[in-house]
Amino acid sequence: LIDLEFLHSMTKGTVVGFQVAYLINLSKLSFEKLKIYSKHAEKKRIWREMVNDELGTKQGEIKSVIADAGFFAYVNYLDTARLRVIPVIKSRSDCKEKLMKKLENCPSNLIWFGKKYRTQLEELLDEFREILQKTMKWVENYDDFKDLRGQIEHIFKAAKMIFGMDNMHVYYRKHCFWKAFIILYMSSLLLQFLNLNGINKNRAIPLLAQNRRFS
């Protein structure tokens, strides 16, 4: 059966397709995870499965994740912080004050009080406070991540302009997964190559896209 979905958009009319969630390691511009979701899937669920389940941990390395305002939800900040991941999500201006209060009063992970983590409890709690402080700081200074967010935009720009991700015409979810996987993987490799060789991405991507159109 064809398992794509049709939805009505006020601006685009009838649209069809899926949501493609993509996790990128920005330190290496490397591909980490891709998952296809229904167009009806809640952003909270996508965040939980792509971020908390994939990167969250009770101890070990502290990580950070950048996302746009589409993933704004109080639970995405609080649950993620308790899993030792700093959520760098663009806050909604009318919710920022309430978010700060929730972060200031965010309870720690109760699992840390168990017997398994007893010897590490003080260290884990100190690090948790550090995670909350950084989260609040980065909520206020989200624009400081403009350059990093630009790297993400370049990957998707390459995927659409060079590899045709904006015009895939795929009607089966499993086919969509592999086509999106290959396109985004190739886009990541391209960006790594451009960075490694100091090539201007803003010029290179449109030029490569132009060659694609005339090939």
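Numbers at a glance
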item	result
Unit charges on C-beta of K, R, D, E only; dipole of the chain, Debye	440
Neighbour-count order for 37, 172, 77, fewest beta carbons within 10 angstrom listed first	172, 37, 77
Kyte-Doolittle mean at least -1.0, axial Cα span of 18 Å or more - DSSP H helices of the chain	121-140, 146-161, 173-196, 201-214
Separation of the residue 210 and residue 59 label points, Cα + 7 Å toward Cβ, nm	5.7
Sum of -39500 (n - 2.57) over DSSP H runs of 4+, divided by residues of the chain (222 nm, nearest 500)	-14500 deg cm²/dmol
Prolate/oblate/rounded call for the chain, Cα gyration tensor, a/c under 1.5 rounded	prolate
The chain - percent relative contact order, Cα under 8 Å, separation 6 or more	20
For 188, 38, order by how many other beta-carbon atoms lie within 10 Å, fewest first	38, 188
Highest-first arrangement of 39-52, 196-209, where packing means the average Cβ count within 10 Å	39-52, 196-209
Extension gain (nm, one decimal) between residue 133 and residue 68, 0.36 nm per residue minus Cα-Cα	21.4 nm
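A short reminder: the numbers here are calculations on the coordinates, not readings from a lab. Owing to the predicted nature of the structure, the values given are computational and were not obtained by experimental measurement. Note: ideal-geometry Cβ built from the backbone for every residue, glycine included; neighbour counts use all protein chains shown.
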